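Note sheet for the following structure.
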Amino acid sequence: MPSIFHFAFNVTDLDAARHFYGGVLGCREGRSTQTWVDFDFFGHQISLHLGTPFATAPTGVVGQHMVPMPHFGIILLLPEWQALAERLRQAQTAFVLAPQVRFEGEPGEQWTMFFRDPFGNPIEVKGFRSVEAIYAT
């Protein structure tokens, strides 16, 4: 079995979480109770629990932009990244960092976008042409 990452964090409304993670991001819902819900986050498990979302601050430097830290996210192959970027645009997502390419033409060329879920939890999604390019130097 491949390793599957698990991340649990707080949200303030499970119905809004279902709409965003299930509807906008397209994640399949798993088990749930009245106080939490699991999602298949692109092959990994996230558990959203009712509570106060974690504090973040714009202390991460990405090019000439400051991005929220801490944040979590996923790496997708470029066609899936492009499809998700379009889905987020169609949902009128407010981007912290709009979809864009970084390190163009260099080893490690990547596409990135930052946005927040409805509770302020920051998410980064990276896109690469191949798995081998993820750690290219």
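Quick look at the numbers
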item	result
Magnitude of the charge dipole, the chain, Cβ model with Lys/Arg +1 and Asp/Glu -1, debye to 20	120 debye
Between the stretch 62-134 and the stretch 9-37, the Cα center-to-center distance that results, in Å	21 Å
Gain in span if fully extended, E104 to E132, counting 0.36 nm per residue against the direct Cα distance	8.5 nm
DSSP bridge orientation in the chain - percent antiparallel, rounded to nearest 5	65 percent
Residues T35, T137, sorted so that the one with the fewest Cβ neighbours within 10 Å comes first	T137, T35
Cα gyration tensor of the chain - equivalent ellipsoid semi-axes, whole Å, descending	26, 17, 14
Computed helical MRE - 222 nm, the chain, DSSP H runs ≥ 4 contributing -39500 (n - 2.57), nearest 500	-3500 deg cm²/dmol
M69, M113 arranged by Cβ crowding within 10 Å, fewest neighbours leading	M69, M113
Isotropically averaged projected area of the stretch 6-50, using the convex hull of Cα atoms (one quarter of hull area), nm²	2.6 nm²
Mean separation of Cα contacts under 8 Å, 6 or more apart, over the residue count of the stretch 57-135: relative contact order %	32 percent
Helix axis angle, 78-90 relative to the chain longest principal axis, alpha carbon, degrees	60 degrees
Cβ crowding within 10 Å averaged over residues, with 13-23, 39-49 ranked highest first	39-49, 13-23
Convex hull of the stretch 57-135 built on C-alpha atoms - directionally averaged projected area, nm²	5.2 nm²
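FYI, it's all coordinate maths here, none of it is from the lab. Not measured: the values here are computed from a predicted model. Note that each Cβ is placed from the backbone with ideal geometry, even for glycine, and that neighbours are counted across all protein chains shown.
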